[in-house]
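Worksheet for the structure shown next.
Since every read-out is calculated from the coordinates, none of them should be taken as a lab result. Small disclaimer: the values here were computed from a predicted structure and weren't measured. Every residue, glycine as well, gets a Cβ built from its backbone with ideal geometry; the counts of neighbours run over all protein chains shown.
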Amino acid sequence: MKSAPLLLLTLGGLGIGSLLLALLVGSSAAGAGTLLDWWSGTAGPEAIEVLFRLRLPRALAAFGTGAALAVAGALMQVLLRNPLADPYVLGTSSGAAVTALGAMLLGASGLTVDVAAFGGALGSTLLVFGLARSTGTWSTDRLLLTGIVVAAGWSAVVSLMLAISPDTKLRGIIFWLMGDFAFVEQPGSILLVAAIGVVGGLLLARTLDVLGTGDRQAALLGLEVRRTRVLVYALGSLLTAVAVTTAGVVGFVGLIVPHFIRLAGGNGHRTVIPASALAGGTLLVVADTLARTVLAPQQLPVGAITAAVGVPAFLVLLRRAGGGRDRG
């Protein structure tokens, strides 16, 4: 599967298949027969409600969130030139979660929460890079470790917020923090932001390829490194912020998806960006379908499903990265 068009076509087919699976599978009786009845105009209103007002918006929101996180991960991995970077590991997701949760507890909603999350994501990213460069120089390993520490700090802040949260809101907040699409009714915003991320990534694709060679080499080739980094910071933070406000903190999607896209033959960001979006969306749709069906009618947080996949994958990538340095 070395051909980029074949890779994208395959991932597109898998994405459509995952959406159909999410639409047809659930704890209620609505399924393929119901979809055929709707097509012929004989489906009842309850079945239509289940398919198109409960399952479809949730599946589309999951696809958009997975696409946004995967594209954000691809951007972060270029910035750090490290396959272990992603918004979750670097603390960007946690920073967005802290400010979004704080805004919610103060009674804010809608665009205010989105803006707060964007500020938290961007601020956390800048904090990580600022701390990592406190000695004047930084390495990708230093950035990664700094991000992990900052993420742990944000987790402590979230714990304090939970401790002072009203009991009536506590269960919903915990599920949201662990990743939850149960209350998503309008997936349009995350789909729009994911599309902006893909288009922006494609417009920056050649620039990202140059930036991936290193700051010095990129500068020698005429790239304005500082301005490019600011654009990538802002785009990655926007994608992460809206993903967090849509579904809470969902980890490891941005870590494993872009890396495995590159292993599958994605050479160059004209392929990596759209392929990551398709694969990330598919992965999260499947994870959410499992989360709501494995113990139906009880629902699991989707973040638990992605962590079950992401933790072993992270350890494998960490081992490969360490083995590569040892051989070098």
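Once the Cα-Cα distance is subtracted from the 0.36 nm per residue extended length, the Leu295 to Leu131 segment shows a gain of 54.7 nm.
By the count of neighbouring beta-carbon atoms within 10 Å, fewest first, Glu185, Glu224 end up ordered Glu185, Glu224. About its Cα centre, the dipole of the chain is roughly 1040 debye, where the only charges are +1 on Lys and Arg Cβ and -1 on Asp and Glu Cβ. Projecting the Cα positions of Gly254, Val50, Gly102 onto the charge dipole of the chain (unit charges on Cβ atoms of Lys, Arg, Asp and Glu, taken about the Cα centre) puts Gly254 furthest along the positive direction. On the basis of the beta-carbon distance and an R0 of 30 Å, Asn267 and Ala195 show a calculated FRET efficiency of 0.80. Against the chain, whose longest principal axis is taken from its Cα atoms, helix 4-24 shows a tilt of about 40°.
The angle between the Cα long axis of helix 302-327 and the longest principal axis of the Cα atoms of the chain comes to about 20 degrees, rounded to the nearest 10. Averaging 1/r across all pairs of distinct Cα atoms in the chain and inverting the result yields a Kirkwood radius of 20.2 Å. Sorted fewest first by neighbouring Cβ atoms within 10 angstrom, Ser276, Ser189, Ser93, Ser3 come out as Ser3, Ser189, Ser93, Ser276.
Comparing Cα centroids, region 90-107 and region 147-194 end up 7 angstrom apart. If you line up the long axis of helix 225-247 against the longest principal axis of the chain, both from Cα atoms, how many degrees apart are they, to the nearest 10? Between helix and principal axis, roughly 20 degrees.
Quick one: putting +1 on the C-beta of Lys and Arg, -1 on the C-beta of Asp and Glu, what dipole do you get for region 203-328 around its Cα centre, in Debye to the nearest 20?
Values: 12 positive and 5 negative charges, 68 e Å.
Approximately 320 debye in magnitude.
The residue list Gly310, Leu144, Val294 was ranked by how far each Cα lies along the charge dipole of the chain toward its positive end, using unit charges on Cβ atoms, and Leu144 comes out on top.
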